[in-house]
């Protein structure tokens, strides 16, 4: 691992534990990542977690540029639209019916991975993406 990324990784893990751990309750830590999840979607989830910790939801594609040093694959995927973002959404804990906040563009025609509001990665189908698009309007 790149030595310059190591301190940041520890900070990100610490923030994720505090974010999903809450105060005084039993916590399982940050959401686990499915082994078969694509690397770009894991990185996109991590990028969105960082933005959510700062309370700054993405409003436009250019917002990802500020994260490209730490999350290069995610920033590139957002820029080239191979990952679609739902603008203005933050990740948050305690969501009972989490909505999609980012998804692989291939998911709109076949299937792919999505990040939902609860910061978990889900395998989704084209039908789920279609329903999401209709409910987001």
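Just to check your reading of the model, which residue among 33, 95, 26, 13 is surrounded by fewer than 16 Cβ atoms within 10 Å (Cβ to Cβ), under 15 Å from the mean Cα position of the chain (by Cα) and at pLDDT below 85?
After applying the criteria, what remains is 13.
Based on what the data block shows, is residue 39 within 14 Å of residue 115 (Cβ to Cβ), exposed (fewer than 15 other Cβ atoms within 10 Å of the Cβ) and free of Cβ contacts under 8 Å to residues at least 40 places away in the same chain?
Spelling it out, residue 39 is indeed within 14 Å of residue 115 (Cβ to Cβ), exposed (fewer than 15 other Cβ atoms within 10 Å of the Cβ) and free of Cβ contacts under 8 Å to residues at least 40 places away in the same chain.
Taking residue 85 and the conditions (1) without any contact (Cβ under 8 Å) to a residue 12 or more places away in the chain; (2) within 21 Å of residue 39 (Cβ to Cβ); (3) surrounded by 13 or more Cβ atoms within 10 Å (Cβ to Cβ), which numbered condition does it fall short on, given that it satisfies the others?
Looking at each condition in turn, residue 85 falls short on (1).
So which of 68, 128, 104, 111 is over 10 Å from the mean Cα position of the chain (by Cα) and free of Cβ contacts under 8 Å to residues at least 12 places away in the same chain?
68
Assess whether residue 94 counts as being out of contact with any helix residue (DSSP H, G or I) (no Cβ under 9 Å at 6 or more places or on another chain) and more than 24 Å from residue 135 (Cα to Cα).
No.
If residue 123 satisfies all but one of (1) assigned to a helix (DSSP H, G or I); (2) closer than 15 Å to residue 31 by Cβ, what's the number of the condition it fails?
(1)
The values are calculated or read from the model by the stated rules, or taken from the named source; none is laboratory data. Note that this is a predicted model, so its numbers are computed, not measured. Cβ sites come from the backbone with ideal geometry, for glycine too, and all protein chains shown count toward neighbours.
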